[in-house]
Amino acid sequence: MKNLALSSVIAIGSVVSTIPAFAQYTSVPVTASAASSIAVSGAVASGAASEDYASDAQLDSLLAPIALYPDTLLTHILIASTYPLDVVSADRWRQSNNHLTPEQVENVLEDVDWDPSV
């Protein structure tokens, strides 16, 4: 069971760490092509650098899939995503050692210096 949970966290962490981060506040100005595809509120018409915010509907559509997971799982995934190299090496290790029993996996993982969230 612990091996299944570890595999799930590693797999989800791998996916989450490859998804670009979205935030309500961005310091990068929106280009004309991006502005045409995204309704931006509060844009300055003079062409000066402005702060653009995502609308509530955009935030809902971006964050809705994340809301389906329990908070404790999201906590582990988000912490693990700060160690992308460890997540990749853990996934590669899991794929190359899938023949091990759960007890053997626990024994081997005691010697690994990955962050516990990974």
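Once you have the Cα-Cα distance between TRP114 and LEU74, take 0.36 nm times their residue separation minus that, and quote the gain in nm to one decimal.
Computed gain between TRP114 and LEU74 is 12.6 nm.
Spelling out what I want: for every residue of the stretch 66-81, take phi, set θ = phi - 60°, compute 6.51 cos²θ - 1.76 cosθ + 1.60 (Karplus), and round to whole Hz; glycine and proline get x.
Running phi through 6.51 cos²θ - 1.76 cosθ + 1.60 with θ = phi - 60° gives 6, 5, 6, 9, x, 4, 5, 5, 4, 4, 5, 5, 5, 5, 5, 5 Hz.
Any read-out appearing in this document is the output of simple, stated calculations on the displayed coordinates, not a laboratory observation. Predicted model, so just to flag it, every value in this text is computed and none were measured.
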